[in-house]
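Take a look at the structure below.
The values are calculated or read from the model by the stated rules, or taken from the named source; none is laboratory data. All figures in this text were calculated on a predicted structure; none of them were measured in a lab. Heads up, the Cβs are rebuilt from the backbone with ideal geometry, glycines too, and the neighbour counts pull from every protein chain shown. Areas reflect the complete protein model, heavy atoms only, side chains present, ligands, DNA and RNA absent. Shrake-Rupley method; radii C 1.70, N 1.55, O 1.52, S 1.80 Å.
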Amino acid sequence: MAAGRDPDSVRLVAVSKTKPAALVREAAAAGITIIGESYVQEALNKYSELGNLAVSWHFIGHLQTNKVKYVIRMFDLIHSVDSLKLAVEINKQAEKINKIQDILIQVNIGEELSKSGISSRDTRALVEAIEPLTHVRVKGLMALPPFFDDPEKAAPYFKALRLLRDDLRKTCIAPVSLNELSMGMTGDFEAAIAEGATLVRIGTALFGERN
Ligand SMILES: *Cc1c(COP(=O)(O)O)cnc(C)c1O
């Protein structure tokens, strides 16, 4: 590919929020293997209809602690963990069903007041605090950089996330692996891939504009 990356090293998360279950079924038939959802109730509705579909479900939206118990069976990866409180609740609910839940830490890489995510400078402490939780496994970092009309302007933020990941990886201990970098959407995925994304979250380019 253009960025000189091995195509197997970047996986596509097809973001189907606001889109009907039928479209998810079509996407799976067309070869999509990972579906991303942002809203708990909507995701659960689709899952009850499509639970037997051979896809992996990822949660990419803001997750409230009191909703964890409803989604713990559904998602193979939760991209948006940004507090110890949330991680502790995920650990508790995962333990109840004998699951080890894979998660990513969402970093507010642009330090924007309007965005979720933990600040870059607090990320290490959060990862270290999660390490002892036996039913949660940190697989990497996720970010939504500031929005720019020119996607190249997002590149420094993607790079900053990768450098943060590389720095954390030097010291983190198993089961933390930090191999994943979830970054890049319809408008900026090329820049994200060039900077090391392993998961790109694409909605509009696959399913069309959301209503
Ligand atoms: C909706 C959403 C996306 C997909 O955005 P598009 O611009 O439609 O590709 C990606 N990531 C997150 C966190 C989202 O909420």
Those residues of the range 154-211 which are under 14 Å from residue 127 (Cβ atoms), within 16 Å of the ligand (Cβ to nearest atom) and open to solvent by 30 Å² or more (accessible area, probe 1.4 Å) amount to 180
For the range 70-90 the number of residues that are away from the ligand (no atom under 16 Å from the Cβ) and in contact with a helix residue (DSSP H, G or I) (Cβ under 8 Å, 6 or more places away or on another chain) is 9
Of the residues in the range 78-125, those that are open to solvent by less than 10 Å² (accessible area, probe 1.4 Å) and not polar (S, T, N, Q) number 11
Flagged pairs (Cβ under 6 angstrom, 6 or more apart or on separate chains; first in the range 131-146, farther than 20 Å from residue 161 by Cβ; second within 16 Å of the ligand (Cβ to nearest atom)) are 136/103
